[in-house]
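Please treat every number below as a calculation from the coordinates, not as lab data. Predicted model, so just to flag it, every value in this text is computed and none were measured. Quick reminder, even Gly has a Cβ in these numbers, built from the backbone with ideal geometry, and neighbours come from all protein chains shown.
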Amino acid sequence: MRRAALLLIVPALALSGCGLQPLYAGGGQAAVAQGLGGVSVPAISGKAGWLMRNALVDRLGPQPEGQAARYRLDVRLDDKLAGLGLLSNDTVGRERRTLRARYQLVELSTGTVLLDATAGSDAGLDVVSSEYATVAAEQTALENLTQVVADRIVTSLALKLRAQRK
């Protein structure tokens with residue numbers, strides 16, 4: 001029993017000394033959560049833009065009551081679908097969907113760009129004999145890619161806002 005307790009305590013002590021800190025320490029009242037809640041996301045053109053804006057708004061959380069947005073997140077998307085792998089009958093057997101986002105975090109009071117970065121991801125999909133199935137796979141890939149890229153953008157914003165608050 002003492003040995004089991006010791007095995008639990010030693011890693012906990014080692015981690016406490018490594019300098020890692022939770023990004024969202026303090027929950028919804030934390031500085032990072034409040035900062036993310038103060039980010040507005042204007043409309044982004046296209047279907048991918050609509051999906052991306054919704055994903056970002058979901059992840060940024062609610063705007064604090066009685067407060068206007070402090071930041072604006074400008075996002076430009078580049079969505080590409082490329083055929084890969086030719087079959088023996090000269091048809092495409094595989095496709096690659098790539099979604100890249102260039103984003104800027106702008107402080108509204110000064111117009112200063114606090115963060116200018118990119119995020120992206122890609123997915124491969126099979127082209128099958130059913131056109132419906134191929135189109136459905138392409139759309140599902142786009143939906144999944146927007147979720148992945150939105151996660152990367154929000155993580156980058158959170159790190160920037162945490163560094164700015166220190």
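Where q = 0.14 Å⁻¹, what log10 of I(q)/I(0) comes from the Debye formula for segment 49-108, counting one point per Cα?
-0.59
Select from A48, Q164, N144 the residue farthest towards the positive end of the dipole of segment 29-165; place +1 on Cβ of Lys and Arg, -1 on Cβ of Asp and Glu, and compute about the Cα centre.
The residue sitting most towards the positive pole is Q164.
Could you compute the net charge surrounding R76? Neighbours are other residues with a C-beta less than 13 Å from the C-beta of R76; K and R count +1, D and E count -1.
-1
Taking 4 °C and 1.567 mPa s as the conditions, I'd like the Stokes-Einstein D for segment 29-165 in µm²/s, using the Kirkwood hydrodynamic radius from alpha carbon pairs.
Taking Rh from Cα pairs, D becomes 79 µm²/s.
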